[in-house]
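The values are calculated or read from the model by the stated rules, or taken from the named source; none is laboratory data. In this text, all values refer to a predicted model and were calculated from it rather than measured experimentally. Cβ placement follows ideal geometry from the backbone for every residue including glycine, while neighbour counts extend to all protein chains displayed.
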Amino acid sequence: MIIKKEWRILTVGDGDLSFSCSLLKHHQPASLTATVYDSLETMQGKYGDDFYQELKARNNPVLFEFDVTNPDSWGSLKPHSFDLIIFQFPLLPAFRSFEEYQNRGEDVNINTLNRRLLRRFLINSCSHFLDPQGQQLCFITSKDVKPYREWNIENDLHLYTNIHYLGSTAFDINMFPGYKIRNVDRDKHVKDTKGITYVWSKNKNNDLAEELQQALYQGDNCCTACRAGPFSTQSDRVEHNLSKKHLNMMEFKRLWLTDLKK
Ligand SMILES: C[S@@+](CC[C@H](N)C(=O)[O-])C[C@H]1O[C@@H](n2cnc3c(N)ncnc32)[C@H](O)[C@@H]1O
């Protein structure tokens, strides 16, 4: 992950604040505002509040019950005042009850709901949180395994927006001593820490692109959704198109495009 000291940073969806705390201590950005989706009480119950206390002792702002999809929860956050918004390992919170699951609507698939969360994060970051005179950067760190890779992060989230995908960089957890990647609802941390940080900006010509790995598997001879190819023959392509993996990805894409049209 690329972090520059002159950036004003907002973190979204921190689980226990260990990421924000480490970012502050080890990278000293110009400013840091940390946010947590849960209430303080819920976070204390799940993970304790050591990192919160540390941020508080440093007079660093922390907002709880911050839902990136819901402007009513943004409270005192000053709009258009950040260079970079970071969402580490985003994932929908689990449903609290069967009723809640049912109320989400039968037509909505979990893959679509997660894509919606990430898309909302990008759109709201660009239109409300980022300073148009600043760097205008959004980072999402995720894993290159199922179900995350089925969100087609590099291609599908920013479709039909004026937000540009700039590329990716490996996420090296060693840059963030003390950071524990949290599961959504449990007090355990995720052991497999291998991640990729994906980068977007409203500014297509942001210089950071030069430091990033460009999206692979683009072009007619590849399958961008499955990240397969280039296919050397037409029959390789046909074989791929008939594979279970491809058919699954196409179904996710169909559901996603239908959702975007709503
Ligand atoms: C897998 S956990 C990762 C937690 C933390 N970012 C980390 O890296 O340890 C996914 C996080 O996304 C947060 N989240 C889910 N929906 C959210 C929303 N609408 N707004 C903000 N955060 C959200 C959850 O609360 C949870 O903390």
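Quick one: is A57 in contact with a strand residue (DSSP E or B) (Cβ under 6 Å, 6 or more places away or on another chain) and more than 22 Å from H158 (Cβ to Cβ)? Answer is no for this residue. Taking segment 213-243 on its own, how many of its residues are more than 28 Å from the chain's Cα centre (by Cα) and among the hydrophobic types (A, V, I, L, M, F, W, C)? Adding up the residues that qualify gives 3. Scanning segment 113-147 for residues that are among the hydroxyl-bearing types (S, T, Y), closer than 20 Å to P79 by Cβ and crowded, with 19+ Cβ neighbours inside 10 Å yields a single hit, S125.
Considering only residues of segment 90-112 that are surrounded by 11 or more Cβ atoms within 10 Å (Cβ to Cβ), modelled with pLDDT under 95 and within 13 Å of the ligand (Cβ to nearest atom), which is nearest to I153 (Cα to Cα)? For segment 90-112, the residue satisfying everything is L91. The lone criterion from (1) assigned to a helix (DSSP H, G or I); (2) surrounded by fewer than 17 Cβ atoms within 10 Å (Cβ to Cβ); (3) under 15 Å from the mean Cα position of the chain (by Cα) left unmet by E150 is number (2). Going through (1) touching a helix residue (DSSP H, G or I) at 6+ places or on another chain (Cβ under 7 Å); (2) in a loop (DSSP other than H, G, I, E, B); (3) under 22 Å from L157 (Cα atoms) one by one, W200 falls short only on (2).
Pairing each residue of segment 34-47 that is without any contact (Cβ under 8 Å) to a residue 24 or more places away in the chain with any residue that is more than 9 Å from the ligand (Cβ to nearest atom), provided the two are 6+ apart or on different chains, yields C-beta distances under 9 Å for E41/F64; T42/F64; T42/E65; Q44/Y52; G45/D187.
Could you figure out which of (1) surrounded by fewer than 20 Cβ atoms within 10 Å (Cβ to Cβ); (2) away from the ligand (no atom under 15 Å from the Cβ) isn't true of F82? So the condition that F82 fails would be (1).
For N70, the conditions (1) within 9 Å of the ligand (Cβ to nearest atom); (2) touching a residue at least 24 places away in the same chain (Cβ under 8 Å); (3) loosely packed, with under 14 Cβ neighbours inside 10 Å all hold with the exception of (2).
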